[in-house]
1. Would you confirm whether any residue within the stretch 50-59 is more than 22 Å from residue 164 (Cβ to Cβ), of a type in the set (Lys, Arg) and outside any helix (DSSP H, G or I)?
2. Could you grab me the full set of residues in the stretch 348-372 that are of a type in the set (Gly, Ala, Ser) and under 28 Å from the mean Cα position of the chain (by Cα)?
3. Do you know which of the residues in the stretch 327-339 that are crowded, with 18+ Cβ neighbours inside 10 Å and touching a residue at least 60 places away in the same chain (Cβ under 8 Å) is farthest from the chain's Cα centre (by Cα)?
4. Looking at the stretch 48-92, which of the residues that are among the β-branched types (Val, Ile, Thr) and within 22 Å of the chain's Cα centre (by Cα) is farthest from residue 9 (Cα to Cα)?
5. Yes or no: the stretch 285-294 includes at least one residue that is part of a loop (DSSP other than H, G, I, E, B), open to solvent by 10 Å² or more (accessible area, probe 1.4 Å) and out of contact with any Leu (no Cβ under 9 Å at 6 or more places or on another chain).
6. State the number of residues belonging to the stretch 115-139 that are closer than 13 Å to residue 44 by Cβ and part of a loop (DSSP other than H, G, I, E, B).
7. Condition check: farther than 21 Å from residue 217 by Cβ, open to solvent by less than 40 Å² (accessible area, probe 1.4 Å) and not polar (S, T, N, Q). Does residue 438 satisfy that?
Amino acid sequence: MSELTSLTIAEALEKMRARECSALELAEAHLARIERLDGDIRAYLKVTADIAREGAKAADAARAAGDERPLLGIPIALKDLLSTKGIETTCGSKILKGYYPLFDATAVARLYEAGAVMLGKLNMDEFAMGSSTENSGFFPTANPWNRDHVPGGSSGGSAAAVAAEMALATLGSDTGGSIRQPASFCGVSAIKPSYGRVSRYGLIAYGSSFDQTGPFARTVDDLARVLHVIAGHDPLDSTSMAKPAPDYPAALNGDIRGLKIGLPREYFAEGLQPEVASALRAALRQLEALGAEARELSFKHADYCLPAYYIIAMAEASANLARYDGVRFGARVDGADLIDSYKKTRGAGFGAEVKRRIMLGTYTLSAGYYDAYYGKAQAVRTLIRRDFDALFDEVDVLIAPVAPSTAFKFGEVTDDPLRMILADVLTISANLAGICGLSLPCGFDAAGLPIGLQILGAPFTEERLLRVGAAYQRATDWHLRKPELG
């Protein structure tokens, strides 16, 4: 059965069409692997085995009747901030323990409509606030390549589940790098779509002007298949772009001749792990060998990305998390009166990192500081968007490292919030500008930990990123390498 869990989505669909395996056999193989491995990896917060089996049986019956939906019978899993009707959704936080949504997030509903089979809900940093999944309110997730190291965050469970072959694809969310960074740390492929490309309806918010749902998978081809299903306008989300999404799988023609690639100098600055820089240069040479043209550029306001992002994101977190008061849903701690109950519920329910960000966000929004911090950060955000507009007037895509280093060890940076924040220093600019970003495996360091290549594109050019990524993967085998898990 283990060979079934190593398939790509394309291979699994072909096997099911050829009647070489059934959707139920595919689901059972994944459930057995989860049972065997997840006690160590701990990617899953909840395994929905009964739902998976029912969905797989329904997929087999539908295929027998001639149904060929794009993800029919494909086992997937979801980051636990995507609302799932009747299935506990916690955002990795004790304050939402016992919360069962009354509806599915739009991205989840579209997966179901495409025939996907749900395996369960995945671990994450609490309310997506973190870069290591050590901030989960329940337990940390391990990196399948080395279980002494973190899988990245906040979508650590989503990346680890794909790397450990415990799902063919997963969904995560990216507020400042939370899709791309764990994909890099775990050696899998993932894409953060442009802001507005995938509906945020049912995605429990951290930073409403940043959050975006996107897929993890083993190959760019699989990413294109999943993105094709979940992308597109949604009238339930006012930030959703009112235009149809392209046919992403059709964009993967492998031809990047004449493509102009830009290398922002500021992304290759001091502090980059030497093996990361070396792997990125080798990836660039490979893209040039495929016919692309590369040149260095300057990203004018790069130094301001980190402070601008954290001021705005924490302000939005403060506003979004005000709703968790123990009254309407989730956990409740009774107090002497209503205000005391609020304090006790939030004090017991939120972890240290979430409390830190709420306090900082509340401070920046307070009277006398709003203009000095939040207002200025928004002005800087406009400058950063203009920087990217100017860069994409000159080149088709940008390439950069995903993170300054490979995955760090558990506990190595937990006592240094600034160092943890710096893990996202190369990804947050894309969220500030609302552009799209792809993460691909491009090498390994001396310790055998994966290195990620980041490809950035102008808003709503996901098909171009996928075309570049697919061409790179056809010419290399980094994405085919797997951790030794048995």
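1. Scanning the stretch 50-59 turns up no residue that is more than 22 Å from residue 164 (Cβ to Cβ), of a type in the set (Lys, Arg) and outside any helix (DSSP H, G or I).
2. 348, 349, 351, 352, 361, listed by residue number.
3. 331
4. 90
5. no
6. Adding up the residues that qualify gives 6.
7. The answer is no for residue 438.
Here's the yes/no breakdown for (1) open to solvent by 50 Å² or more (accessible area, probe 1.4 Å); (2) out of contact with any helix residue (DSSP H, G or I) (no Cβ under 7 Å at 6 or more places or on another chain); (3) among the β-branched types (Val, Ile, Thr):
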residue	(1), (2), (3)
217	no, no, no
231	no, yes, no
238	yes, yes, no
246	no, no, no
250	yes, yes, no
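The values are calculated or read from the model by the stated rules, or taken from the named source; none is laboratory data. Note that the structure is a prediction, hence the values are computed from the model and not measured. All Cβ positions, glycine included, derive from the backbone under ideal geometry; neighbour counts span all protein chains shown. We work out accessible area using only protein heavy atoms, side chains counted, and drop any ligands, DNA or RNA first. Shrake-Rupley method; radii C 1.70, N 1.55, O 1.52, S 1.80 Å.
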